[in-house]
Amino acid sequence: DQQVKQNSPSLSVQEGRISILNCDYTNSMFDYFLWYKKYPAEGPTFLISISSIKDKNEDGRFTVFLNKSAKHLSLHIVPSQPGDSAVYFCAASGNYGQNFVFGPGTRLSVLP
Amino acid sequence: DTGVSQDPRHKITKRGQNVTFRCDPISEHNRLYWYRQTLGQGPEFLTYFQNEAQLEKSRLLSDRFSAERPKGSFSTLEIQRTEQGDSAMYLCASSFALAPEGLTDTQYFGPGTRLTVL
């Protein structure tokens with residue numbers, strides 16, 4: 001049973017537009033969430049995180065929104081750039097980052 | 001380079017053989033994680049260490065798997081009597097946490113070791 005779901009295996013967006021990647025979770029004990037980006041032949045790279053005491057966190061072009069009641073978070077990338085093309089993983093933890101559960105990933109393609 | 005390194009990057013072995021992977025974390029990091037990733041899936045947590053202590057193991061870590069971090073620096077992951085289902089990418093990550101139960105700082109991942117069991 002997947003505790004962290006990313007229901008869109010892939011997403012294509014035009015350069016300059018907004019990319020919205022979604023993530024849903026089932027475990028109400030999760031209190032810390034992260035987004036990672038992964039290029040081929042490399043390990044995942046941390047992008048941005050959010051704890052359950054907040055509903056929004058921004059870092060440059062990246063913003064993560066958390067809706068605890070819906071058990072949903074989303075990553076917004078504005079404006080999208082071709083270099084953002086990668087697989088994006090959502091991850092969640094229920095005990096302050098001791099054990100992370102990852103979603104299956106969404107492949108983002110930003111078209112020039 | 002002060003990133004997380006893993007060795008080897010690729011390993012091909014025959015079913016039934018033992019394999020060992022090594023992970024060198026970022027030097028000031030006290031927490032080290034092992035994950036396994038199969039095609040089309042996200043990384044699956046296997047185990048983690050706080051310094052030399054192994055604090056948690058996933059039920060995915062069968063008796064054939066063992067991990068060590070003897071001096072709180074590098075770590076090894078050994079798989080005994082490999083099976084074809086063990087074929088995957090094995091990822092290591094490190095981070096810093098103030099206490100065993102404390103919130104971890106950002107995890108930094110290594111490039112992974114791709115295992116193929118024939």
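Since every read-out is calculated from the coordinates, none of them should be taken as a lab result. Small disclaimer: the values here were computed from a predicted structure and weren't measured. Positions of Cβ are generated from backbone atoms using ideal geometry, with glycine treated the same way; all protein chains shown enter the neighbour counts.
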Worksheet, complete the sentence: So, for the Cα atoms of chain A, Rg and Dmax in Å stand at 13.2, 41
Practice prompt. Report the residue, chosen from B:S62, B:S75, B:S95, that carries the largest GNM mean-square fluctuation when chain B is represented by alpha-carbon nodes joined by springs under 10 Å.
Written response: B:S62
Discussion item. Using the Cα centre of the range B:1-95 as origin and beta-carbon charges of +1 (Lys, Arg) and -1 (Asp, Glu), tell me which of B:P70, B:N18, B:Y90 is placed farthest towards the positive end of the dipole.
Written reply: B:N18
Worksheet entry | For residues of B:42-51, the mean tally of beta carbons on other chains within 10 Å | 4
Worksheet item: Which value results when the Cα radius of gyration for the range B:1-106 is divided by 2.2 N^0.38 Å?
Response: 1.05
Worksheet, complete the sentence: Output for the range B:1-62: GluC sites (Glu not before Pro) sitting in coil per DSSP, at most 12 other Cβ within 10 Å, listed by number, reads B:E28
Practice prompt. Could you let me know the centre-to-centre spacing of the range A:1-77 and the range B:40-97, using Cα atoms, in angstrom?
Written response: 25
Response to the item:
Expressed as a whole number, the average count of other chain Cβ atoms within 10 Å around the Cβ atoms of B:107-116 is 3
Worksheet item: In whole percent, what relative contact order does chain B give with Cα contacts below 8 Å and a gap of six or more residues?
Response: 36
Worksheet item: If you look at just the Cα atoms of the protein assembly as shown, how large are its Rg and its Dmax in Å?
Response: 17.5, 51
Worksheet entry | Relative contact order (percent, whole number), chain A, Cα cutoff 8 Å, 6+ residue spacing | 37
Worksheet item: Given the options A:G60, A:G43, A:G83, which has the most mean-square fluctuation in a GNM of chain A, springs set between C-alpha atoms less than 10 angstrom apart?
Response: A:G60
Discussion item. Around A:L108, under 15 Å between beta carbons, what's the net of Lys plus Arg minus Asp minus Glu among the other residues?
Written reply: +3
Worksheet item: Using the reciprocal of the averaged 1/r over all distinct C-alpha pairs, how large is the Kirkwood radius of the range A:48-112 in Å?
Response: 13.1
Practice prompt. Restricting to the protein assembly as shown, compute how many DSSP beta bridges are antiparallel as a %, nearest 5.
Written response: 90
